[in-house]
Structures are given as structure tokens and as C-alpha cells.
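What follows is one structure encoded as C-alpha cells, with my remarks underneath.
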Amino acid sequence: MAQPDRPGFWREVFAGAKHLGSGMRLWLTRPKLMLFGAIPAVIVAILLGAALVALGFNVSGVATWGTPFADDWDPAWRTPFRGLLAAALFLGGLVFSITAFTFITLMVGAPFYDRIRLEVDRMHGEPEAPAPIGIWREILRGIANGIRTLLPAMFFGIAMVPLGFIPIVGQVLVAVLSAIFGGWFVTVELTGSAADARGVSLRDRRRMLRTRMPRTLGLGVSTYLLFLVPLGPVFAMPAAVAGATLMVRALRDEPSTAIAIAPASAVMQQTQSLPPNA
């Protein structure tokens, strides 16, 4: 019997990026909702951005402090050695900071992003909700899941340091791997709200994302790259939550065609305009 054709690699990658594009369109159709979703991103981006700038200014000192054995080396070897180490440390810190930004922003802005996820599900048909587990258990589960994602991101950043010692090729390789693995970590975090709303555990969520890795990376890497652009995290974060919800729906074979539903504010205005006896 002939096996069904699996989607092509690049077609899946573009499908993942398209989810983010669909989320971006909510800035046009639900601007107030998306603006509220940008508030936590602004606050966390300022704090982590300041930390990343501080790392950039001090990374050379950290590289020097961490390599006292190179003090007696010839400057022709010592300077490039510490320069490569500093570059690797900064790139590793960048991956961790973006993952941390996603986790902290989602945690701080959970009410905002849950509203975005609810609106996306409302537009496409709400899934069957799992049994409630209680607010505190839900918060603790979210924190635990976030830590389980942050720790691998931190270890990845450390593992990238040796590659940074390879001149030119090493920096390119670290940058590419950082985008790929950073995109994976970001997608795992972004899909948390939609997955939790469907009773999908972190383990099952990772398994679901791995089965469609090109699509997962299409969403994650495009989001990761937008996070590197000035003001990118502010606009990309709420859109990425919406896009991640759409991707979870697609991976679970839920309806993904938008239902023509007016915004809640429009419905309210129509209701208020009705005559008293209508």
C-alpha cells in the first residue's frame, strides 16, 4: 500500500514561519489585545537588554579573568584566543537570554498571553478543555516546565564555547546552531499556553513538536531572529504566542480556518445599539 506523502522540508519550514505571519496579522485585526500583550515584553526586554549590553561591555574582561594561564602567552596568540572565547561567551549568553526572555515574559504576562491564545482559539473554534487543576498547581507547573527548558539552553550555551575557538568557521557555526537550538527552545516555551489548555504535558509537547521539526523550527527560528532586531521582541512576542497556538492546532489536526467572528468590542457595540424591545 502506498504511504501518504509527507510534506517537503522547506514547505514545512515556511508553514511554521507562516504561523508567525498569521499571528502578526492580529496587530491589524486585534490591535488593543496585541498592545496589551506587548507590555510585558517591553518590561522584560528592557531588563534583559540591559544585562546583555552589560555582558557585551564586560565579556572581554570575563574572558581574561577566566584564562589566567594565557597571561604569559605571546600576544599574537593570547589576543585572538581570548577574543574567540569572548565571542563564544557572548553568543552563548545571547541564546540563553532569548530563551530566558521568552520564559520570563510568558510567566509575567500570563494573563495577557492567555487572552491572546483564547482569542485565537475563539476565532478558529475552541478545543475541548481539560479538567481544571487549580491555579497554584498551574503556576507551579508553568515554572517547572520553564526551568526544564532554561537548563538545557544554559548547557547549550556552555557547549558552544569550544566551537568559538575555531577561527571564522567557528563563529558562523555557533551563530547557525544558536538560531536552530534557540528556535527550538523558544517554540517549546511559546506553545506552553496552548498545550496546557489542551492538557498536553511538556513531554508530550516536545514529542509532538519533534514529529514536525521543520515546521517547529520555521516558527522558532523566525521568532528568534525577530527577537534580535531592535524593538522586535515587543511586536513579535504577542504575535508568536498567537502563531504558536495556530501551530498546536495544526499539529493536533484541529480546524485552522478562521471563523468570521467579530471582536468582542464590536459585538458589545451592536448589542448596545439594539432597541430595548429587540
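The values are calculated or read from the model by the stated rules, or taken from the named source; none is laboratory data. Given the structure is predicted, the values throughout are model-derived calculations rather than measurements. Here the Cβ positions follow ideal geometry from the backbone for every residue, glycine too, while neighbour counts run over all protein chains shown.
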Top-ranked residue in segment 18-71 [being at pLDDT below 90 and β-branched (Val, Ile, Thr); ranked as surrounded by the fewest Cβ atoms within 10 Å (Cβ to Cβ)]: Val53
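Between Phe81, Phe69, which is in contact (Cβ under 8 Å) with a residue 24 or more places away in the chain and assigned to a helix (DSSP H, G or I)?
Phe81
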When you check Ser222 against the structure, is it surrounded by 16 or more Cβ atoms within 10 Å (Cβ to Cβ), touching a Ser or Thr at 6+ places or on another chain (Cβ under 8 Å), assigned to a helix (DSSP H, G or I) and of a type in the set (Gly, Ala, Ser), yes or no? no
Just checking, does segment 21-34 include any residue being free of Cβ contacts under 8 Å to residues at least 12 places away in the same chain, assigned to a helix (DSSP H, G or I) and out of contact with any Phe, Trp or Tyr (no Cβ under 8 Å at 6 or more places or on another chain)? yes
Would it be correct to say that Ala50 is farther than 24 Å from Leu118 by Cα, within 21 Å of the chain's Cα centre (by Cα) and small (Gly, Ala, Ser)? yes
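Kindly establish whether Leu173 is modelled with pLDDT under 85 and either surrounded by fewer than 17 Cβ atoms within 10 Å (Cβ to Cβ) or at positive phi (or both).
Working: modelled with pLDDT under 85: yes; either surrounded by fewer than 17 Cβ atoms within 10 Å (Cβ to Cβ) or at positive phi (or both): yes.
Judged against the criteria, Leu173 is a match.
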